[in-house]
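First comes the structure, then the notes that go with it.
Derivation of every value follows stated rules applied to the coordinates shown; laboratory data play no part. What you are looking at is a predicted structure, and each value in this text was computed from that prediction instead of being measured. Virtual Cβ from ideal backbone geometry, glycine too; neighbours counted across all protein chains shown.
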Amino acid sequence: MLDIHTMDYGSISAGPGYRVELFTQGCDANCPGCFSRETHAFDAGTLMTIDQIMEAISQWTDKEENRPYLTVCGGEPLAQVEGVIELCEAFKEKYGRLSHIIVYTGYELDEAKELPEWRRLRKTIDGLVVGRFIKKQRFKMTGRKFIGSSNQRYVDLRSGKDLIYAAEAANWVAEDKKLWPTLGISST
Ligand code: SF4
């Protein structure tokens, strides 16, 4: 079960390719200059079972022209880590190696690693964007939209080595050549 704020289909602002972007409801990260305060209150969204969410997602990802790329953000996804893991496991089970999952958290990497569910999360998803959003360090966006700040990091979990990249807007494109092909996906 997950408390959901909204779902967006075909997003280009949260990772490579056109993605399903799922915003969870409820956040305790307290980022300075948060851009999404309406997602902060807990128990204020729409409660959905994993089956219901998968059914909604599949209506988009099952179309021939779309790919099974999912980004979970918030709110704070790791405040509902059990449900997020269950969703990501269901997504991986359905789409397998074709799939690509990114989770955004306002938690720092060390905080995420302290969660009892960390090992299971790490095994399930492909990448984790970590760190508080700091408005003063917000990217100047060009081309692709990506809401983030320069202190945040993208942790590539697919390699099994926790490779850490700057999660800057330009890097989503620049890293495409270097990083994304190694994942077996392209940027569009
Ligand atoms: S994690 Fe996202 S929703 Fe939560 S405070 Fe930070 S920017 Fe706002």
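The average projected area of segment 2-182, computed from the convex hull of its Cα atoms over all directions, is 9.6 nm².
Counted over segment 1-95 with a bin width of 5 Å, the fraction of Cα pairs per bin, in whole percents, is 3, 14, 25, 25, 19, 10, 4, 1, 0. Between Ala41 and Leu115, the simple label model (points 7 Å from Cα in the Cβ direction) yields a spacing of 2.4 nm. Can you flag which of Lys94/Lys161; Lys63/Lys94; Lys63/Lys123 are past 20 Å Cα-Cα? Distance filter (> 20 Å) returns Lys94/Lys161; Lys63/Lys123. Protection proxy ranking, highest mean first, for peptides 6-12, 75-81: 75-81, 6-12, where packing is the per-residue count of other beta-carbon atoms within 10 Å, averaged. Applying 0.36 nm per residue to the separation of Ala56 and Gln137 and subtracting their alpha-carbon distance, the gain on full extension is 25.7 nm. Toward the positive end of the charge dipole of segment 2-182, with +1 on the Cβ of Lys and Arg and -1 on the Cβ of Asp and Glu, the farthest Cα among Phe42, Leu70, His5 is that of Leu70. How much length would be gained if the chain were fully extended between Lys94 and Glu64, taking 0.36 nm per residue of separation minus their Cα-Cα distance, in nm to one decimal? Once the chain is fully extended between Lys94 and Glu64, it gains 9.3 nm. Scoring 100-108, 129-137 by mean Cβ neighbours within 10 Å over their residues and listing the highest first yields 100-108, 129-137.
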